[in-house]
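Asker: Dropping a structure here in structure tokens format, bear with me for questions.
What follows draws every value from the coordinates through simple rules; no lab data is involved. As the structure is a computational prediction, the values presented were derived from the model and not from experiment. Virtual Cβ from ideal backbone geometry, glycine too; neighbours counted across all protein chains shown.
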Amino acid sequence: MKKLALIIASVFTVAPAMAGPYVNVESNASYTGSDYTNSTTDFHVGYEGDVSDTVNYYVQGGPAIVAVDGTDNDTQLSGKAGLGIDATDNLNIYGEISLLTTEGDADNAWGSKLGAKYNF
């Protein structure tokens, strides 16, 4: 058991220093009160790297399963791209843009995220 804990700890210690390709599976569900309305599950392949010592990026994309309550599931394409900047040793500013395709004449869904993370 101690060997397993040591292996897991070493993987998490080394992983942040690694850059390159990755797989990301993420599911986001929405509810109104306790009523489920929809979910989107992304199955992405991506790449991340460093621009410099203080700037990193990622791009990812792939199929997304869209499950709206009361309808059949639908498979679309989705993608994300993000950038993080270490403003100081403790403060990271980050941003992300995302895209989810739609069928027919409907407009594609775009999203954005902007945030700051402060480590104590």
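Asker: Being of a type outside the set (Lys, Arg) and touching a Pro at 6+ places or on another chain (Cβ under 7 Å), is that true of even one residue in the stretch 93-116? Steps first, answer last, please.
Answerer: So the first thing to find is which residues in the stretch 93-116 are of a type outside the set (Lys, Arg), and the list is 93-112, 114-116.
Filter once more, keeping what is touching a Pro at 6+ places or on another chain (Cβ under 7 Å): none.
Scanning the stretch 93-116 turns up no residue that is of a type outside the set (Lys, Arg) and touching a Pro at 6+ places or on another chain (Cβ under 7 Å).
Asker: Could you list, ordered by first residue, the pairs with Cβ atoms under 9 Å in which the first is in the stretch 24-46 and touching a residue at least 12 places away in the same chain (Cβ under 8 Å) and within 15 Å of residue 67 (Cβ to Cβ) and the second is in a strand (DSSP E or B) and of a type in the set (Lys, Arg), at least 6 apart or interchain?
Answerer: The qualifying pairs are 42/80.
Asker: Only one residue in 102, 75 is at negative phi, part of a loop (DSSP other than H, G, I, E, B) and not charged (D, E, K, R). Which one? First the steps, then the outcome.
Answerer: Details: 75 fails: part of a loop (DSSP other than H, G, I, E, B).
Within the list 102, 75, the selection yields 102.
Asker: Filter the stretch 76-109 for residues that are touching a residue at least 24 places away in the same chain (Cβ under 8 Å), farther than 16 Å from residue 60 by Cα and among the polar types (S, T, N, Q) and give the result.
Answerer: Scanning the stretch 76-109 gives 90, 92, 102.
Asker: How many residues are within 14 Å of the chain's Cα centre (by Cα) and surrounded by 15 or more Cβ atoms within 10 Å (Cβ to Cβ) if we restrict to the stretch 35-56? Before the answer, list the steps.
Answerer: Start the filter on the stretch 35-56 by keeping residues that are within 14 Å of the chain's Cα centre (by Cα), which leaves 40-48.
Restricting the remaining residues to those that are surrounded by 15 or more Cβ atoms within 10 Å (Cβ to Cβ) gives 40-44, 46, 48.
Result for the stretch 35-56: 7.
Asker: Here is a follow-up. Based on what the data block shows, is residue 93 more than 23 Å from residue 43 (Cα to Cα) and touching a strand residue (DSSP E or B) at 6+ places or on another chain (Cβ under 8 Å)?
Answerer: Values: more than 23 Å from residue 43 (Cα to Cα): yes; touching a strand residue (DSSP E or B) at 6+ places or on another chain (Cβ under 8 Å): yes.
In short, yes.
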